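Below: the structure, in C-alpha cells.
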Amino acid sequence: MKLKIENIGFIGIIIIVILAFFYLILGLSGMLAVLAIMLFFMLPAYFILDNFNLEQDEKIVFSFFIGAGIFPSIAYWFGRFIPFKIGIFITFAILIATAFLIKKIKKQ
Amino acid sequence: MQIKRNHIETGIFIAVYLFALYLWTLPFQDNQIPYGEFDAISHWEIADYIAQTDKTFNQLPGFLDFSYGDDNKFRPHTLWYPPPFHTAMAITSSFSGDRMVPIFLTNAIFATSILISLYFMIRKLYGFLPAILSSFILAFSMRDIFPYLWGQWPERFAYAFIPLILYCFYMYYTTYSKEGSKPIYLYMMFLLLAINVLIHPLVFFHSIVGLSILFIFLFIKNKKMPFNIKHIGISLLIFLVLFSIFPYQSGNVIVSFFQGGEDGKSASLSRLFHWGPNPDDFRGSVSADYFSFSKMHGLWTLPFLLIGLAILLIRRDNKDILMLAWLVSLYLILHRDLIGKATFLHRSLSGTAHIFVPITVIGALAIVSFVKLPQTYKSALKYGMAALLVGLALFYNLPAAYSTLNQAYDNPFIRLNPSQIEVSEWLLQNTNENQNVSIIGPPAEILQKVWWMASYSHRTSQFFEGFLKWKIYEENREEIVNYHLLNDYIVVDYSDIGLLQDKAIMEQWQLFEQDNLAKHKLLYNKGSIKVYKYEA
C-alpha cells in the first residue's frame, strides 16, 4: 500500500519550473518558502484527499486551501508545548499517517 | 510522458499565475525590508514572533499586548484573529530561515490564490478559455491590489475560499439523488467554511450568504431538496471541531458579531440603487479611486459585464445560477449597513472583481455565439475575442497595476533603513522581552517607522515626540516625560532627520539629548542612532 501522485512526471516538471522561478526573483529564501507550502500544506492534504473519489485537479486545488488551514492549526497547538520547528515535522508525520490510515480503512 | 491537452492548459495557467506573482511581489523583489500600514505590521509581527522564538503563545507577548491587548473582546490579551493564517507564514519563515521574504511571499501567494480558485471553478463550469481569461484579468485587479498593499492580508486569502465553497455546494446539490450522491463535496464545503472563519470572519459571513442564496436559487429552479441526516451530521461535526479548535478567537468572532451594529443605522434606502458604499463616508481613510468602477475595473469591461449578466439571466443553467447567486450575495453583503452591520463595509467591495471579471469574460465570449458563421470561423472569432480581452487588459489594466505595485512603499521614509534594522536587532538581543523602548527622532509623519522598529525588535515601543508636543501632555509635561522615560531604553534616531535636512528638528533633539540623556548610560552608538538606558 503506497501513497502516490498521478502524472508525477508532469507535476515534477511544473514544480521544478515554479521553484526555479522563485529562486530567480526572490533568491533561496523565496524558493524555500514555496517548497514549504508545497511540502507541508499541499502534500499531506493531497494524500488524504487522494482517498476520496475526486479528480486530480480537485485534489491539487483543495489540498492547497485545506492544507493551508489545517496544517498550521495543528502546528500551532504543538508549538504551545514543544519547539515550533519540531511541531511542524510532527504535524507533517501525523497528516501523512492519517492519509495511510484512511487508505487502509477504505481498503478493508 | 505524453503531452495531453490538460498539460498544455495547466502549463498556460502556471505561466499566468507566475506572471501575476511576479507583479505582486514587485514591492519586495529589490528591497527586502518589511513594509505596509499598521495592519500589515500586526500580521507580519505575529508570524515573525512565532518563527523567531520557535514557539506559539496563548497570552500576547508584551509588544503585541501593548497595541492589541483589547482587540479580542471575548478574552483580552490573547490573539484577536485565529492563528492559522499567521502560523502558516511562520512555518515558511521558519523553514526558510529568513524573516522577510518568506512571510511577504506567502502572503502574496495567499492574496493571489483567488486566481487559482477562480480559474479552477470557471474551468469546471465554463471551460478553459473563460477560466484562463478570468484569472489573467484578475491579476491586475486594483480592488485586490490596494487592500493587499494596505495590509488586509488574511481577508485577501479568505476571499479565495468563496468560489470553492460555492463550487462544493453546487457539486453536492447537482449530483444528489436518492440512489447516490457525492457527500465528499459537502464535507469539503464545511471544512472550507471552517477554515474560512479561521482565516477571516468577515468573509465567512459572505460565504454563508452566498450559500444561502445559491441554495434558494437552485431549489427554485430544480425543486430538489438534498437532505441526508448522515451527510449533514458529519459535515456539522467537521465544522464544529475546527471552529472550536481556537476557542478564544472563535469566541471573539461571536462576541464581535453581536456587539458591532450601531454604525449602520442611519443608512438610507437609496443605497439599494447603488452598487457600493458612498466614498464620502470613507473620506480620509480610503481613497476615492477605490470606489470608482472605471478606475478599478476599467470602463471597457462594462458592456461585456452587462452582456454577461444578461446571458446568465436569460440562460439560467445551474452553473449560471451559481454565478448569479454569488453576485446577488455580494450585493446583499455590500448593503448590510441597512440592517445595522456596517463594520468594514468598504472591505467587502474588494470582492467585486472576483465575480465581475468572470461575468465580463462570459459576456465577451458569448458575443461570438450571436454571429451566424460556420463553426471553424466561430472558433477563430472566439480566440480573436479572447485576444482582444487580453489586449484590453494589458493596455488599460496592467499599467496601473504595474506602477502601483512597482512603486509601492518605494520611499526611504516609509521603510526602515539599515541602521534602524540594526538597532532593532540589537534591542532584540540585548533587552528583555517586556522592556519598553522609547524612540526619539522620527517625525510624526513617519510614525509608522516606530511601529516597524517595535515589530522588528519584538519590544514595546513608544513614540516619544508626542510627550513633548501633544496637547494632552501639556500639564506637568516635564514630570510626565521623566516618569515615562524611567527605566526605558531610549533610542535617539537621527538617521531620518538627516534625510529630511531640517536643521531645526536636528537641533531640537540634540539639545534634548544633551539636557536629558547625557547623564545616562550610552549602550549603543552606530549609524546616527544611539541607545541610552534611562535610570534614576
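Does the stretch B:464-510 hold any residues that are assigned to a helix (DSSP H, G or I) and aromatic (Phe, Trp, Tyr), and which are they? Hits for the stretch B:464-510 are B:467, B:473, B:483, B:509.
Being closer than 22 Å to residue B:182 by Cβ and either within 14 Å of chain A (Cβ to nearest Cβ) or touching a Lys or Arg at 6+ places or on another chain (Cβ under 7 Å) (or both) narrows it down to one of B:229, B:234, B:199, so name that one.
Going through B:229, B:234, B:199 in turn, the sole match is B:234.
Working only within the stretch B:230-262, note down all residues that are among the polar types (S, T, N, Q) and not in a helix (DSSP H, G or I). If the condition is that a residue be among the polar types (S, T, N, Q) and not in a helix (DSSP H, G or I), then B:244 is the only one that fits.
Residue B:82 falls short on exactly one of the conditions (1) within 18 Å of residue B:21 (Cα to Cα); (2) outside any helix (DSSP H, G or I); (3) at the interface with another protein chain (Cβ under 9 Å from one of its Cβ atoms), and that condition is (1).
Anything in the stretch A:27-55 that is surrounded by fewer than 20 Cβ atoms within 10 Å (Cβ to Cβ), facing chain B (nearest Cβ under 9 Å) and part of a helix (DSSP H, G or I)? List them, or say none. Once the filter is applied, which keeps residues that are surrounded by fewer than 20 Cβ atoms within 10 Å (Cβ to Cβ), facing chain B (nearest Cβ under 9 Å) and part of a helix (DSSP H, G or I), the stretch A:27-55 yields A:27, A:28, A:35, A:39. Flag not set for residue B:197, criterion: buried (at least 18 other Cβ atoms within 10 Å of the Cβ) and within 20 Å of residue B:342 (Cβ to Cβ). Considering every residue within the stretch B:49-65, establish whether at least one is buried (at least 20 other Cβ atoms within 10 Å of the Cβ), β-branched (Val, Ile, Thr) and part of a loop (DSSP other than H, G, I, E, B). Within the stretch B:49-65 (the criterion being buried (at least 20 other Cβ atoms within 10 Å of the Cβ), β-branched (Val, Ile, Thr) and part of a loop (DSSP other than H, G, I, E, B)), the answer is yes, since at least one residue qualifies.
Quick one: residue A:4 ticks every box in (1) at pLDDT 95 or above; (2) more than 8 Å from chain B (Cβ to nearest Cβ); (3) over 17 Å from residue B:19 (Cα atoms) except a single one, so which number is it? In the conditions (1) at pLDDT 95 or above; (2) more than 8 Å from chain B (Cβ to nearest Cβ); (3) over 17 Å from residue B:19 (Cα atoms), residue A:4 misses (1) alone.
If you scan the stretch B:104-129, which residues turn out to be within 8 Å of another protein chain (Cβ to nearest Cβ) and under 14 Å from the mean Cα position of the chain (by Cα)? B:105, B:106, B:109, B:110, B:113 - these are the residues of the stretch B:104-129 that are within 8 Å of another protein chain (Cβ to nearest Cβ) and under 14 Å from the mean Cα position of the chain (by Cα).
Kindly indicate which of A:66, A:74, A:90 is surrounded by 21 or more Cβ atoms within 10 Å (Cβ to Cβ), among the aliphatic types (A, V, I, L, M) and in contact with a helix residue (DSSP H, G or I) (Cβ under 7 Å, 6 or more places away or on another chain).
Among A:66, A:74, A:90, only A:66 is surrounded by 21 or more Cβ atoms within 10 Å (Cβ to Cβ), among the aliphatic types (A, V, I, L, M) and in contact with a helix residue (DSSP H, G or I) (Cβ under 7 Å, 6 or more places away or on another chain).
Being within 11 Å of another protein chain (Cβ to nearest Cβ), closer than 20 Å to residue B:410 by Cα and assigned to a helix (DSSP H, G or I) is a property that does not hold for residue B:149.
Condition first: within 17 Å of the chain's Cα centre (by Cα) and within 13 Å of chain A (Cβ to nearest Cβ). Now tell me which residues in the stretch B:36-77 satisfy that.
B:46, B:47 - these are the residues of the stretch B:36-77 that are within 17 Å of the chain's Cα centre (by Cα) and within 13 Å of chain A (Cβ to nearest Cβ).
Summed over the stretch B:165-196, residues that are among the aliphatic types (A, V, I, L, M) and either within 30 Å of residue B:35 (Cβ to Cβ) or part of a loop (DSSP other than H, G, I, E, B) (or both) total 1. Of the residues B:357, B:390, B:423, B:437, the single one that is in contact (Cβ under 8 Å) with a residue 40 or more places away in the chain, closer than 30 Å to residue B:123 by Cβ and buried (at least 22 other Cβ atoms within 10 Å of the Cβ) is B:357.
From B:92, B:87, B:106, grab the single residue that is of a type in the set (Ser, Thr, Tyr), assigned to a helix (DSSP H, G or I) and in contact with a Leu (Cβ under 9 Å, 6 or more places away or on another chain). Lay out the reasoning, then the answer.
Details: B:87 fails: in contact with a Leu (Cβ under 9 Å, 6 or more places away or on another chain); B:106 fails: in contact with a Leu (Cβ under 9 Å, 6 or more places away or on another chain).
The conditions single out B:92.
Can you confirm whether residue B:476 is over 22 Å from residue B:68 (Cβ atoms), exposed (fewer than 14 other Cβ atoms within 10 Å of the Cβ) and in contact with an Asp or Glu (Cβ under 7 Å, 6 or more places away or on another chain)? So residue B:476 fails the test. Across the stretch A:89-101, not a single residue is classified as assigned to a helix (DSSP H, G or I), closer than 23 Å to residue B:100 by Cα, modelled with pLDDT of 95 or more and within 9 Å of another protein chain (Cβ to nearest Cβ).
The values are calculated or read from the model by the stated rules, or taken from the named source; none is laboratory data. Everything quoted here is computed from the prediction, not taken from an experiment. Because the Cβ atoms are built from the backbone with ideal geometry, glycine has one as well, and the counts that use them run over all protein chains shown.
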